[in-house]
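Enquirer: So that we are looking at the same thing, I have put the structure below in structure tokens.
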Amino acid sequence: MPLRETLAQVDADLAAGRVPVARQRLRGLVSSFPYDLTLRRRLAEVYRLYGDAAEAGRWTYLEEDRDADETAAFEARYRSPGRRMKALAWRGPEAMAATAFAEGQLVAVRTACAEKLGHPVDWDDPASYRDGVEEEYEAPSEPWSVSGVLAGVGCLVGALAFLAIWVNGVVALFD
């Protein structure tokens, strides 16, 4: 579907209260047209409807007149430069950016990621900055709690009861 028609569909979805559908359409458009800052701004507006400041900040990160609180929320959620590179969903050289500010932001994120990883990274090669994304994950190190164990046991008992009832029903069918 052409860009103009998809944007008309987004407007219709929003008018009908189908915000999740409009969000998905806009995400697809941003994926197809990563250089279009207007699409990113529209996607940020949809995330504001959800009250998700971090995602709104993500999609206005390349805008000079962005909201400082949303930018801080984005940077807090995507702490490392590698995670920010992935989140920004940019493709191609920074020179393709619509504004000098956007180009500067992209260069700054890519440079910070390259410095952290110790090797060059490229927007078009996610494998080049994947190390910076994966290294951030830490397994939970908290000890088991009584409530956690009880919840797990409860789920297990529920699943076994469901399975027993199901087996009993299948056996009854063939008796």
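The values are calculated or read from the model by the stated rules, or taken from the named source; none is laboratory data. Since the model is a prediction, treat every value here as computed from it, not as a measurement. Don't worry about glycine lacking a Cβ; one is built from the backbone with ideal geometry, like all the others, and counts go over all protein chains shown. What goes into the accessible areas is simple: the full protein's heavy atoms, side chains included, and nothing from ligands, DNA or RNA. Shrake-Rupley method; radii C 1.70, N 1.55, O 1.52, S 1.80 Å.
Enquirer: Probe radius 1.4 Å, ligands and nucleic acids left out: which of LEU3, LEU150 has the largest accessible area, and how do the rest follow?
Expert: LEU150, LEU3
Enquirer: With each run of n ≥ 4 DSSP H residues scored as -39500 (n - 2.57), what mean residue ellipticity at 222 nm is computed for the chain after dividing by its residue count and rounding to the nearest 500 deg cm²/dmol?
Expert: Helices in the chain give a 222 nm mean residue ellipticity of -21500 deg cm²/dmol.
Enquirer: Same structure again: How high is the relative contact order of the chain, in percent, with contacts defined as C-alpha pairs under 8 Å that are six or more residues apart?
Expert: Numbers: 163 pairs, mean separation 23.6, N = 175.
Relative contact order, the chain: 14 percent.
Enquirer: While we're here: Enter the accessible area per residue of the chain (Å², integer; probe 1.4 Å; all protein chains in place).
Expert: Each residue of the chain exposes 62 Å² on average to a 1.4 Å probe.
Enquirer: Hey, any idea what % of the chain's accessible area is carbon plus sulfur with a 1.4 Å probe?
Expert: 59 percent
Enquirer: Next up: Could you work out how far helix 146-174 tilts from the main Cα principal axis of the chain, as a 0 to 90 degree angle to the nearest 10?
Expert: 60 degrees
Enquirer: Along the charge dipole of the chain, pointing to its positive end and built from +1/-1 on Cβ of Lys, Arg, Asp and Glu, which listed residue (TYR78, GLY152, VAL107) has its Cα farthest out?
Expert: Towards the positive end, the residue furthest out is GLY152.
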